[in-house]
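A short write-up of the structure that comes next.
Just so it is clear, none of the values below were taken in a lab; they were calculated from the coordinates. It should be emphasised that the depicted structure is a prediction, and the values quoted were computed from it without experimental measurement. Positions of Cβ are backbone-derived with ideal geometry, glycine not excepted, and every protein chain shown enters the neighbour counts.
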């Protein structure tokens, strides 16, 4: 049977699944809703071509509602993103800045910077600004000023060594931060 009443390899109930999907970051939720909408749209097209017009119409309505939900999730993300930092940046702040007061100041500085760059969804610039500060709030402030003046300078400083790119800070600290060595 093509249409199942359960999800293979998912051993929890739908209430738990709904909670897990609902706990996604809103940008990820929007992507999920768009992918689901495309799947439902394909199904509707197939059913329409088979002459199942009532079903195709219902699936088309579902697809449109999912798209509306994705747009709303995008709006929610744009509202939230200026007030949050990803876990890898928060963890890096805790490692870099020994004093809790300095961690709080660093977080506040990065959040204030993030609010000005709210279209940003990768947090690349925040990682570049934080990279190499070694717990020095003065250096963090200088990096922030550099990023505000010309963001390319801070990217060059954090991602390049000897004019060769060695890091991609679009990705979280610790995962794909350093490019593999050429063989």
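Below, the figures for the structure above:
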{"item": "Contact order normalised by residue count of the chain, Cα under 8 Å, 6+ apart, percent", "result": "15 percent"}
{"item": "Highest-fluctuation residue, 145, 31, 19 considered, GNM on the chain with Cα pairs under 10 Å", "result": "19"}
{"item": "Approximate spin-label separation residue 14-residue 90, in nm, with each point projected 7 Å along Cα-to-Cβ", "result": "3.2 nm"}
{"item": "The chain: most fluctuating residue of 12, 107, 25 per GNM, C-alpha cutoff 10 Å", "result": "12"}
{"item": "Where N is the number of residues in the range 14-81, Cα Rg divided by 2.2 N^0.38 Å", "result": "1.27"}
{"item": "Taking the C-alpha atoms of the range 84-165, convex hull volume expressed per residue in Å³", "result": "91 Å³"}
{"item": "Relative contact order (%) - the range 14-81, alpha-carbon pairs under 8 angstrom, separation at least six", "result": "41 percent"}
{"item": "Folded to 0 to 90 degrees: helix 100-116 orientation relative to the chain principal axis, Cα", "result": "60 degrees"}
{"item": "Overall dimensions of the chain by Cα: Rg and Dmax, Å", "result": "22.0, 69"}
